[in-house]
Amino acid sequence: MFAHVTIRTEDRAASERFYRTVLGALQIEPTHDTPDIIAWDDFAIIAADPGRPPTRYLHVAFVGRSREDVDAFWRAGVDAGYEDAGGPGARPQYKPDYYGAFLLDPDGNSAEAVHHGDARRGGHIDHLWIGVSDLVAAEAFYRTIARHTGLREGRRWESGVQFRGAWATFSLIQDGRPPTEHLHMAFPAPDRQTVEEFHEAAVAAGYRDHGSPGERSQYRPGYFAAYVLDPDGTNVESVNAPG
């Protein structure tokens with residue numbers, strides 16, 4: 001579903017220690033590590049700066065291969081001194097076989113390890129929960145780009161709506177929580193034309209351009225992307241990057 005999800009951090013070193021600790025317990029190791037960015041396949045962290053503040057009020061859940069992995073994720077975090085946000089256990093309110101555990105990262109974002117029967121391999125992220133200020137407006141944005149990003153509607157409830165991809169989901173939530181701030185989500189595109197159509201559809205619908213379609217060779221050769229902002233300012237990208 002995600003080409004990548006990137007969060008900015010107030011203290012890059014502190015956040016790196018947190019995610020190395022808890023993702024390592026899930027046997028997820030970094031796939032890219034430079035002074036600018038560290039990534040675990042589809043999840044990455046970079047330092048905030050004065051013009052680009054840290055990500056706040058995000059919930060990100062990572063796939064655990066077993067309940068024992070979920071336990072190990074939580075225990076590694078708690079033993080390292082990180083804040084418990086919900087110990088390992090069944091959460092049948094989500095799914096009958098849903099088993100999760102929750103911690104807070106150094107910026108206060110909720111990080112979860114989860115195991116359930118519908119978890120699909122293809123990325124380390126199982127789901128995101130994204131706070132929004134206007135659920136109707138946020139849903140309209142993601143419906144606009146859905147056909148260009150492979151999104152389809154999942155379940156809905158009074159305070160939320162879910163969008164599904166091939167192996168992950170994200171949910172837009174308006175339940176009194178603060179809107180998620182300074183998040184970046186990128187969706188893979190099969191070709192450059194899809195990137196262009198994504199950008200054209202969003203801009204034509206009145207959404208804010210954040211970067212016209214074009215090659216971004218600073219990332220790697222052939223990286224072709226476009227960017228728009230959703231109603232709460234999340235930076236949404238479509239990217240075609242062969243190889």
Could you give each residue of the stretch 147-161 its phi-based ³J(HN,Hα) in whole Hz, using Karplus coefficients 6.51, -1.76, 1.60 with θ = phi - 60°, and x for Gly or Pro?
5, 9, 10, x, 7, 9, 6, x, 6, 9, 8, 4, 10, x, 9
In degrees, nearest 10, range 0 to 90: what is the angle between the Cα axis of helix 192-204 and the longest Cα principal axis of the chain?
80 degrees
Once amide hydrogens are built 1.01 Å from N within the peptide plane, the residues lying 5 or more places from Gly211 or on another chain with amide H under 5 Å from its amide H are Tyr227
Among Ser133, Ser171, Ser217, which one shows the biggest mean-square fluctuation in a GNM of the chain, springs joining Cα atoms closer than 10 Å?
Ser217
Mean projected area (nm²) from the convex hull of Cα positions in the stretch 1-41 is 3.1 nm²
Restricting to the chain, what percent of DSSP beta bridges are antiparallel, rounded to 5?
70 percent
Once amide H atoms are placed 1.01 Å from N in the peptide plane, what residues at a sequence separation of 5 or more from Thr169, or on another chain, have their amide H within under 5 Å of its amide H?
His127, Leu128
Given the Cα-Cα distance of Ala140 and Ala80 and 0.36 nm per residue of separation, how much length would full extension add, in nm?
17.5 nm
Folded to 0 to 90 degrees: helix 12-25 orientation relative to the chain principal axis, Cα
60 degrees
Quick one: work out the % antiparallel among DSSP beta bridges in the stretch 102-243, nearest 5.
70 percent
Which value, in Å² rounded to 10, gives the accessible area of His32 with a 1.4 Å probe and all protein chains present?
90 Å²
Please give the Cα centre distance for the stretch 195-241 versus the stretch 99-120, rounded to the nearest Å.
28 Å
Under the rule of -39500 (n - 2.57) per DSSP H run of 4 or more residues, summed and divided by the residues of the chain, what mean residue ellipticity at 222 nm is obtained, to the nearest 500 deg cm²/dmol?
-7500 deg cm²/dmol
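The values are calculated or read from the model by the stated rules, or taken from the named source; none is laboratory data. Treat the numbers as computed from the prediction; the structure is a model and nothing was measured. Surface accessibility is based on the protein's heavy atoms, side chains included, excluding ligands, DNA and RNA. Shrake-Rupley method; radii C 1.70, N 1.55, O 1.52, S 1.80 Å.
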